[in-house]
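A.B. asks: Got a structure for you, written out below as structure tokens; questions coming shortly.
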Protein chains: 2
Amino acid sequence: MKILVIGGTGTVGSAIVKELSVRHDVVVAGLTSGDIQVDITDMDSIKAMYQQIDNLDSIVIASGSVHFGALTEMSAELYQKGLQSKLMGQVNVVLEGIKHLNDRGSFTLTSGILNREPINLGSSAAMVNGALDGFVKHAAIELPRGLRINIVSPTVITEALAGYAPFFRGFKSVSAADAALAYSKSVEALHTGQVYIV
Amino acid sequence: MKILVIGGTGTVGSAIVKELSVRHDVVVAGLTSGDIQVDITDMDSIKAMYQQIDNLDSIVIASGSVHFGALTEMSAELYQKGLQSKLMGQVNVVLEGIKHLNDRGSFTLTSGILNREPINLGSSAAMVNGALDGFVKHAAIELPRGLRINIVSPTVITEALAGYAPFFRGFKSVSAADAALAYSKSVEALHTGQVYIV
């Protein structure tokens, strides 16, 4: 298969590339690194990315950010950052990708644990992850041409604990390599509409 | 208790008002009707609403809209309608309401079944409902002064079947009066962080 991994140079993304590239032709997209540059918050940049690659069987997204801050200090503008980046960035990759994926191809998105188990300062992440899980469960029933869509919802990543451990006391972390297995399952099994909790 | 019901003239809203007004002092807010006018998509309008009412023990929101359309015809702009109205409209009522609710007061928001059981054309509703459920589960852990927050996630409302039945074949509807009980539970029990599925 030919697989595009957006965010393929990040902590989880590079583990996904390592897992998939053993068996598949993987193209890595990143904001400033990788084979192709893309800014998923910009629809023109997403369209330009798709112009640089054809014959795609699978699109994996491990990219997008949200603002972390105290609920009482959040604002519509600060929530908008997550809605534009992690939520609509991934959704726009799907909307435009529908026109480019091969029949029976798959999308694999990324949410995270925080809409299931909140942490301090994480209200935007909880909002965006819930939105993504809901969108994916829905999109699976409407996608044309046998296209599939799933989402991986990981707990805190072991390799990221150096920066985030104080916010995730009591959470069992998952290694990037183990999280990457769920992306492989989405790409290589025939599932659709699944939220993989890892 | 003194309770503000935003959207209190709608199908569900008027049932909520009927359920709560037997025991409480209920103030109804609506876009063009009710005791106070408010447009929840406009933060200035939300602030003006709070200036017209004080000593609030509870805020209930049964308001907000999303665009229904085929996934392959959706766009960032069409998703933005639901993100601005049903999602951020309710979230902005909470953010501003934190400054106005009495200690141990409660917020009760409204999502819906579509992030759990999708229907054709409902991708924006699935996204927004998931975002709201995630936000509420999170906000409960950060709200100050003993403030509480819950959300009611109803299936299709019996009184709305005249317009929506073709989209909800096989779904068991709930009457507005029965859905209103969940709002009463949120207001009058001491729960927080709950998603009430009715």
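The values are calculated or read from the model by the stated rules, or taken from the named source; none is laboratory data. Here the structure is a predicted model, which is why all the values come from computation and not from measurement. Please note: Cβ atoms are built from the backbone with ideal geometry, for glycine as well, and neighbour counts cover all protein chains shown. For accessibility, only protein heavy atoms count, side chains too; no ligands or nucleic acids. Shrake-Rupley method; radii C 1.70, N 1.55, O 1.52, S 1.80 Å.
A.B. asks: Out of all the residues in the range B:103-131, which are within 21 Å of B:ILE40 (Cβ to Cβ), more than 15 Å from the chain's Cα centre (by Cα) and away from chain A (no Cβ under 11 Å)?
C.D. replies: B:GLY105
A.B. asks: Can you name the number of the only condition in (1) open to solvent by less than 10 Å² (accessible area, probe 1.4 Å); (2) under 21 Å from A:GLY193 (Cα atoms) that A:MET1 fails?
C.D. replies: (1)
A.B. asks: Could you please find all residues in the range A:157-180 being of a type in the set (A, V, I, L, M, F, W, C) and either touching a His at 6+ places or on another chain (Cβ under 6 Å) or open to solvent by 10 Å² or more (accessible area, probe 1.4 Å) (or both)?
C.D. replies: A:ILE157, A:ALA160, A:LEU161, A:ALA162, A:ALA165, A:PHE167, A:PHE168, A:PHE171, A:VAL174, A:ALA177
A.B. asks: Additional query: Does the range A:71-101 hold any residues that are under 23 Å from B:GLU77 (Cβ atoms) and free of Cβ contacts under 8 Å to residues at least 40 places away in the same chain, and which are they?
C.D. replies: A:SER75, A:ALA76, A:GLU77, A:GLN80, A:LEU95
A.B. asks: Taking into account only those residues within the range B:9-62 that are open to solvent by less than 40 Å² (accessible area, probe 1.4 Å), of a type outside the set (A, V, I, L, M) and assigned to a loop (DSSP other than H, G, I, E, B), which is farthest from B:ALA177 (Cα to Cα)?
C.D. replies: Going through the qualifying residues, I end up with B:HIS24.
A.B. asks: Just to be sure, is B:VAL195 at pLDDT 95 or above, surrounded by fewer than 22 Cβ atoms within 10 Å (Cβ to Cβ) and touching a Pro at 6+ places or on another chain (Cβ under 7 Å)?
C.D. replies: Answer is no for this residue.
A.B. asks: A follow-up question, please. Among B:ARG145, B:ARG169, B:ARG104, which is without any contact (Cβ under 8 Å) to a residue 12 or more places away in the chain and more than 26 Å from A:ASN129 (Cα to Cα)?
C.D. replies: B:ARG169
A.B. asks: Within the range A:63-102, track down each residue that is small (Gly, Ala, Ser) and either crowded, with 21+ Cβ neighbours inside 10 Å or within 11 Å of chain B (Cβ to nearest Cβ) (or both).
C.D. replies: A:SER63, A:GLY64, A:GLY69, A:ALA70, A:SER75, A:ALA76, A:GLY82, A:GLY89, A:GLY97
A.B. asks: Can I ask one more? Does B:LEU121 satisfy the condition of being in contact with a strand residue (DSSP E or B) (Cβ under 8 Å, 6 or more places away or on another chain) and either aliphatic (A, V, I, L, M) or at pLDDT below 95 (or both)?
C.D. replies: yes
A.B. asks: I'm checking my understanding of the structure. Among residues of the range A:133-148 that are more than 7 Å from every other protein chain (Cβ to nearest Cβ) and in a helix (DSSP H, G or I), which one is most open to solvent (accessible area, probe 1.4 Å)?
C.D. replies: For the range A:133-148, the residue satisfying everything is A:ALA140.
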